[in-house]
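Chemist: I have a structure here, written as structure tokens, and I will follow up with some questions on it.
The values are calculated or read from the model by the stated rules, or taken from the named source; none is laboratory data. Nothing here was measured: the structure is a model prediction, and the numbers come from that model. Ideal geometry is used to build each Cβ from the backbone, glycine not excepted, and the neighbour counts take in all protein chains shown. Side chains included, ligands, DNA and RNA excluded: accessible areas come from the protein's heavy atoms. Shrake-Rupley method; radii C 1.70, N 1.55, O 1.52, S 1.80 Å.
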Amino acid sequence: MAWRFKASKYKNAAPIVPKAEACVREICVGSYQTYGNNIAASGAFMAFNWEHSGSSVAVLPLDDCGRKSKTMPLLHGHTDTVTDLKFSPFHDGLLATASQDCLVKIWHIPEKGLEQSLSDPEAVFSHKQRRVETVGFHPTADGLMYSTAAGCVALFDIATQKEIFSNNEHPEVIQSASWREDGTVLATSCKDKCVRIFDPRAEGSPIQMVAESHQSIKDSRVVWLGNQSRILTTGFDAARLRQVIIRDIRNFNTPEKTLELDCSTGILMPLFDPDTNMLFLAGKGDTTINYLEITDKDPYLIEGLRHTGEQTKGACLVPKRALKVMEAEVNRVLQLTSNMVIPIMYQVPRKTYRDFHADLYPETTGYKTDLIASEWLNGTNQAVPKMNLDPAKREHGDEPIIPRLGPKPFSSNTGDVSFDKVFAVPVAPGSHENISNVGQENSSETPTQGAKPDLIVEIEIKKSHEREPNVGGNGNGNGVQKSLTTSERRKSSADDDESSDKIFEQNSESSENSTEGEDRTDADLLRFSAVRSSIAERRRVYESRSKSQVDEKAQSPVPLRRESSKVEPLKPSQQLGGNSNVIPASGIDSKRISVPEGKLMEEHRRGNGAGLKKSATEAAFSAASTKRTSTVFGKVSKFRHLKGTPGHKSTHIENLRNLSRQIPGECNGFHANHERVAVPLSGPGGKIAIFELSRPGRLPDGVIPSLVNGSNIMDFQWDPFDAQRLAVACDDGIVKLWRIEEGGLSEPTNTPQGELTAHLDKIYFIRFHPLAADVLLTASYDMTIKLWDLRTMTEKCALSGHTDQIFDFAWSPCGKLGASVCKDGKIRVYNPRKSETPIREGNGPVGTRGARITWALEGHYIVCTGFDKVSERQISVYNAQKLTAPLNTASLDVSPSILIPYYDEDSSTLFVTGKGDSTIYCYEITDEEPYICPLSHHRCSSLHQGLSFLTKNHCDVASVEFSKAYRLTNTTIEPLSFTVPRIKSELFQDDLFPPTRITWSATLSSEDWFGCNDKAAAKVSLKPEGMDTLSSIQQVPAAVKKPDASQFASKSEYESNKQQEIQKSVSARMEYTTKLEQDEMEGVDENEWQE
């Protein structure tokens, strides 16, 4: 029994946490419901999920540290959460990512890391509509990758991009998989509470052994203990206690060791080092990382020092060849938290660290192998040669051991197919190889199309539509274009400027009328005019454009392919006379040019004086719709710096009390019009207090006059065309219509003006029609929506098609259509007068806590607020004609309150906030990417319980107030004004206040609307009488004439003369002398110099 008392070398290995300056900080990581570790490391890089959605991946150098920007380069490759990611053990730059979008993608990371974002992978493999759970590489065969999706195990040869094995015998979802170190068999843990030994090369069924494991269907993990005949699993027992089980495959059904820990909910991620037998258990959501040492005899698991720190989102081990062996670092754990990556070094205490401690570092698995996927599949087993970590015995001394950063060439039977050709791995920008190849690529006239193997990836179909035929000079042997560096593009652009005689087609519709502060004509502000000498002037012109360009994402590396029809050379008659300094269509690689580089070339052309109205990038991507923003200098909105200002305390209604906290989530909880507000009160009877806005101040103590409904209140709303009528929906299915007399309530009342028995069950919400009088919509627990004519108190039509709770309904601005969002995750669009069933249907928010919906941009778009799978609040924008997927989704935070939206159609501003929030989030909705543009958010001094906006005619336009609301807090009702800062506020800002639709009076009657006699709402100007408009005092722009060389010469001469006159005028007003200061100084005698 002497072995029991034998001290382990690693018993006292201590976790050493670096200072915050040595960690990767200020990153954005969410909580992901996946079976992966959310972070992976190679000898050169680390990769981890980015943002709350997790669809992007951040890749950083392994030794990176410091603060990271939200705009750092990323891998944008998946449309859903990345579930797992792994680096190849033989190529530090080869990364595999698996995602819920049913795809596995292979990425090549350049040697210098990501210098710009990537979105085009080297290879894509599909799991045919099944969510991919895990992915990884074979430990001995190069180019062999495995992945699991549902109950399927698949093997892929990434050299030929073929699936070489697939098996679906697992009855449930495979939660984890691990290869034996010699690469012969695979261990899997499954949701059916079993663990299996899997041999893909076995004849018959590949499942060799099956044993019952953790008795809970929650997450479980499995890891093979090196080259031993034992595996270790982590999971939960029937009582949901966390377990660790060790099994020997020679006695597979009987666990060798079972260790029960605690009842935490996070799965233990096992990180095992076969060289030292060190095991690290990092629980998702835990603040501790346990270190245990595994032995081959009882007690099997020996606990070491425990690390306590930040909450863990993911963890992984760094390869042994990347450790600091001269500091006795035996392992390094990368801990992923919500905002940091912390490298935790496990160091064995020694007296000195000047020497290499060979007893701590046995030979470890190397990074070179001669075995390939096809040989392994045919039965060949070959161990990876070991390597020594002693710097004195390394090839490069104590430098980090890093294998080739990318794919390794493989031999192929065809002779034309190599690993490099299939992958077309780009050379690192600026390298000698890349620079030397530039001339060769440009000199080739007709690039050859290399033979490709049979590909099973669907991405090739997409690429064939996106890429144009390679007609330029940039190509290589396999027909895949290489990206030039920025310096090379500049050089190429400069060379072409001197010898070219063609230019891109000009777009004459590139300017609009002047906006505020612009006092020059468009002719004076042409792109290449000498008058345009300041950035402010250029910015003013860009802001005034109605034809703005697509937002140029500075970090996006995706080559923007242009169709040949979009970029055409001008006819000779359209060219500028005598100007040879222009860019030809053939001088730019129009198929691979990226936006930032296009902007650089545009600046180059501008400096040379070429008279183009729009750059090539702008001309190719000019939008056809009228925009409020400019995207050349970033998203610049007139409402970007909107300001929310609460009203003076004298306008507040104070001393509110007994506010109800039991209002359902479908109800906004507060509603106001220009005369009075309605606030629900707590207690029995369903009471609603009515407060007159004309009588602000402190409310007297005592009983508050209220409307007593007799039943619990479900929703209430003011009639948009009658400030005295309030509709209240109750849980007994009755809608009560109240009329408030002039002067407000003086005492409680329980007699409504009318009652409408709408449903036999509870009512979710009620909505008045935005244009037609006396049209009311009700939605009930019976999953039906009914439309009522309040003039006759009769039901007109009923809408069906919902399968679960209805969260919200919104009318379109035209009043013809309506959109609903439901708990079943669907958005439905109805035409109530023509069909009882939805005319369109699409996927909405996946969260079931609640949602809201509204229309935007004249009914062409739909905005929906809700929750994602991890209960994070989000805002999504949909095309009203295509509801299959959102155009863009903006994530806010994790909060239980539903975001209630209000959309101002004149400014296209979206205000969203929730009950209990203190921030009103403001966004501009646009019809081009990114569709949701953040504006200045308004932060209130206290929490609010509700927010209600007034119609446009009650805004004080003289103070540049474009929106007005009332805010309900726990004790007050406060007015809130949203304004835009303007210098000339004494003028009517007609660029901010276009003619607005009249929504405060009925456009048509209920009889007309139900009779399909539609009528558009009239528009009215908000300009006060006697107030001048901003546009009226500005100089009327002259007609833009075709510029020529003589115009430029005359303008430059005019400017120079004007400059001289200014100098003379300034000189005449200033006192100056021609004497110098040293002229009045006394010098020394010349004799003194001679001495």
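Chemist: So is THR792 over 29 Å from ASN953 (Cβ atoms), in contact with a helix residue (DSSP H, G or I) (Cβ under 9 Å, 6 or more places away or on another chain) and of a type in the set (Ser, Thr, Tyr) or not? Quick ask: steps written out before the conclusion?
Modeler: On the way: over 29 Å from ASN953 (Cβ atoms): yes; in contact with a helix residue (DSSP H, G or I) (Cβ under 9 Å, 6 or more places away or on another chain): yes; of a type in the set (Ser, Thr, Tyr): yes.
So THR792 passes the test.
Chemist: Follow-up question, since we're still on this one. Within the stretch 814-830, which residues are open to solvent by 10 Å² or more (accessible area, probe 1.4 Å) and either of a type in the set (A, V, I, L, M, F, W, C) or at pLDDT 95 or above (or both)? It would help to see each step written out before you state the result.
Modeler: Taking the stretch 814-830 and keeping what is open to solvent by 10 Å² or more (accessible area, probe 1.4 Å), we get 814, 816-817, 823-826.
Within the stretch 814-830, CYS814, LEU817 qualify.
Chemist: Tell me, yes or no, whether the stretch 162-169 has at least one residue that is hydroxyl-bearing (Ser, Thr, Tyr), outside any strand (DSSP E or B) and open to solvent by 30 Å² or more (accessible area, probe 1.4 Å).
Modeler: Looking only at the stretch 162-169, we keep the residues that are hydroxyl-bearing (Ser, Thr, Tyr), and these are 166.
Next, from what is left, pick out any that are outside any strand (DSSP E or B): none.
Within the stretch 162-169, none of the residues are hydroxyl-bearing (Ser, Thr, Tyr), outside any strand (DSSP E or B) and open to solvent by 30 Å² or more (accessible area, probe 1.4 Å).
Chemist: Go through (1) open to solvent by less than 10 Å² (accessible area, probe 1.4 Å); (2) among the hydroxyl-bearing types (Ser, Thr, Tyr); (3) assigned to a strand (DSSP E or B) and name the single condition TYR146 misses.
Modeler: (1)
Chemist: Select from the stretch 976-1021 the residues that are crowded, with 18+ Cβ neighbours inside 10 Å and assigned to a strand (DSSP E or B) and list them in ascending order.
Modeler: Of everything in the stretch 976-1021, those that are crowded, with 18+ Cβ neighbours inside 10 Å and assigned to a strand (DSSP E or B) turn out to be LEU976, SER977, PHE978, THR979, PHE988, THR996, ARG997, LEU1004.
Chemist: I would also like to ask the following. Out of the stretch 783-805, which residues are in a loop (DSSP other than H, G, I, E, B), open to solvent by less than 70 Å² (accessible area, probe 1.4 Å) and at negative phi?
Modeler: THR784, LEU790, THR792, SER800, HIS802, ASP804, GLN805 - these are the residues of the stretch 783-805 that are in a loop (DSSP other than H, G, I, E, B), open to solvent by less than 70 Å² (accessible area, probe 1.4 Å) and at negative phi.
Chemist: Moving to a separate point now. Tell me the strands (runs of 3 or more DSSP E) entirely within the stretch 853-895 that contain at least 3 residues that are open to solvent by 20 Å² or more (accessible area, probe 1.4 Å). Spell out the reasoning first.
Modeler: Working: elements: 861-867, 872-879, 888-894.
The strands (runs of 3 or more DSSP E) meeting that bar are 888-894.
Chemist: To continue, here is another question. So VAL960 clears everything in (1) free of Cβ contacts under 8 Å to residues at least 40 places away in the same chain; (2) in contact with a Gly (Cβ under 7 Å, 6 or more places away or on another chain) except one condition, right? Which one?
Modeler: (2)
Chemist: Say whether the condition of being loosely packed, with under 15 Cβ neighbours inside 10 Å, touching a strand residue (DSSP E or B) at 6+ places or on another chain (Cβ under 8 Å), modelled with pLDDT under 90 and of a type in the set (D, E, K, R) is met by at least one residue in the stretch 239-248.
Modeler: No, the stretch 239-248 contains no residue that is loosely packed, with under 15 Cβ neighbours inside 10 Å, touching a strand residue (DSSP E or B) at 6+ places or on another chain (Cβ under 8 Å), modelled with pLDDT under 90 and of a type in the set (D, E, K, R).
Chemist: Also, quick follow-up: Output the residues belonging to the stretch 738-760 that are open to solvent by 10 Å² or more (accessible area, probe 1.4 Å), in a strand (DSSP E or B) and either touching a residue at least 24 places away in the same chain (Cβ under 8 Å) or out of contact with any Pro (no Cβ under 9 Å at 6 or more places or on another chain) (or both). Steps first, please.
Modeler: Of all residues in the stretch 738-760, those open to solvent by 10 Å² or more (accessible area, probe 1.4 Å) come to 739, 741-755, 757, 760.
Checking which are in a strand (DSSP E or B) leaves us with 739, 749, 754-755, 757.
Result: THR749, GLY754, GLU755, THR757.
Chemist: Looking only at strands (runs of 3 or more DSSP E) that lie completely in the stretch 206-324, which have at least 1 residues being free of Cβ contacts under 8 Å to residues at least 40 places away in the same chain? If you could, list the steps in order and put the result at the bottom.
Modeler: Details: elements: 207-212, 221-224, 230-236, 242-248, 257-260, 268-273, 278-283, 288-294, 301-303, 314-317.
In the stretch 206-324, 207-212, 230-236, 242-248, 257-260, 288-294, 301-303 are the strands (runs of 3 or more DSSP E) which contain 1 or more residues that are free of Cβ contacts under 8 Å to residues at least 40 places away in the same chain.
Chemist: Within the stretch 277-324, which residues are open to solvent by 40 Å² or more (accessible area, probe 1.4 Å), among the polar types (S, T, N, Q) and either touching a helix residue (DSSP H, G or I) at 6+ places or on another chain (Cβ under 7 Å) or within 17 Å of PRO362 (Cβ to Cβ) (or both)?
Modeler: Answer for the stretch 277-324, where residues must be open to solvent by 40 Å² or more (accessible area, probe 1.4 Å), among the polar types (S, T, N, Q) and either touching a helix residue (DSSP H, G or I) at 6+ places or on another chain (Cβ under 7 Å) or within 17 Å of PRO362 (Cβ to Cβ) (or both): just ASN277.
Chemist: Right, something else. Determine whether VAL173 is modelled with pLDDT of 90 or more, surrounded by 23 or more Cβ atoms within 10 Å (Cβ to Cβ), under 37 Å from the mean Cα position of the chain (by Cα) and not charged (D, E, K, R). Full working, then the answer.
Modeler: Numbers: modelled with pLDDT of 90 or more: yes; surrounded by 23 or more Cβ atoms within 10 Å (Cβ to Cβ): no; under 37 Å from the mean Cα position of the chain (by Cα): yes; not charged (D, E, K, R): yes.
The answer is no for VAL173.
Chemist: With the requirement that a residue be part of a loop (DSSP other than H, G, I, E, B) and crowded, with 18+ Cβ neighbours inside 10 Å, what does the stretch 666-696 give you? Step through it out loud before you land on a result.
Modeler: Step one: list which residues in the stretch 666-696 are part of a loop (DSSP other than H, G, I, E, B), which gives 666-670, 673-675, 682-686, 693-696.
Scanning the stretch 666-696 gives GLU666, CYS667, ASN668, GLY669, PHE670, ASN673, GLY686, LEU693, PRO696.
Chemist: Is it the case that some residue within the stretch 7-20 is at pLDDT below 90, within 29 Å of the chain's Cα centre (by Cα) and within 19 Å of HIS307 (Cβ to Cβ)?
Modeler: Yes, that holds for at least one residue.
Chemist: A further question on this structure: Out of all the residues in the stretch 806-831, which are outside any strand (DSSP E or B) and under 23 Å from TYR902 (Cβ atoms)? Before you say what the answer is, go through the steps one by one.
Modeler: Of the residues in the stretch 806-831, the ones outside any strand (DSSP E or B) are 812-817, 823-825, 831.
Selection gives SER812, PRO813, CYS814, GLY815, LYS816, LEU817, LYS823.
Chemist: Which ones in the stretch 13-34 are assigned to a loop (DSSP other than H, G, I, E, B) and closer than 30 Å to LEU360 by Cβ?
Modeler: So in the stretch 13-34, the residues assigned to a loop (DSSP other than H, G, I, E, B) come out as 13, 17-19, 23, 26-28, 30-34.
Correct list: ALA13, VAL17, PRO18, LYS19, CYS23.
Quick grid of which residues meet (1) in a loop (DSSP other than H, G, I, E, B); (2) open to solvent by 20 Å² or more (accessible area, probe 1.4 Å); (3) among the basic types (Lys, Arg):
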| position | (1), (2), (3) |
| --- | --- |
| GLY36 | yes, no, no |
| ALA40 | no, no, no |
| PHE48 | no, no, no |
| ALA58 | no, no, no |
| ASP84 | no, no, no |
| PRO89 | yes, yes, no |
| THR97 | no, no, no |
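Chemist: Right, next: When you scan the stretch 902-911, do you find a residue that is among the polar types (S, T, N, Q) and farther than 23 Å from THR996 by Cα, even just one? Walk me through it before giving the result.
Modeler: From the stretch 902-911, those among the polar types (S, T, N, Q) are 907-909; that's our starting set.
Those left that are additionally farther than 23 Å from THR996 by Cα: none.
Checked the stretch 902-911: no residue is among the polar types (S, T, N, Q) and farther than 23 Å from THR996 by Cα.
Chemist: Is it true that PHE137 is open to solvent by less than 30 Å² (accessible area, probe 1.4 Å) and within 19 Å of GLY43 (Cβ to Cβ)?
Modeler: Details: open to solvent by less than 30 Å² (accessible area, probe 1.4 Å): yes; within 19 Å of GLY43 (Cβ to Cβ): yes.
When the stated conditions are applied, PHE137 passes them.
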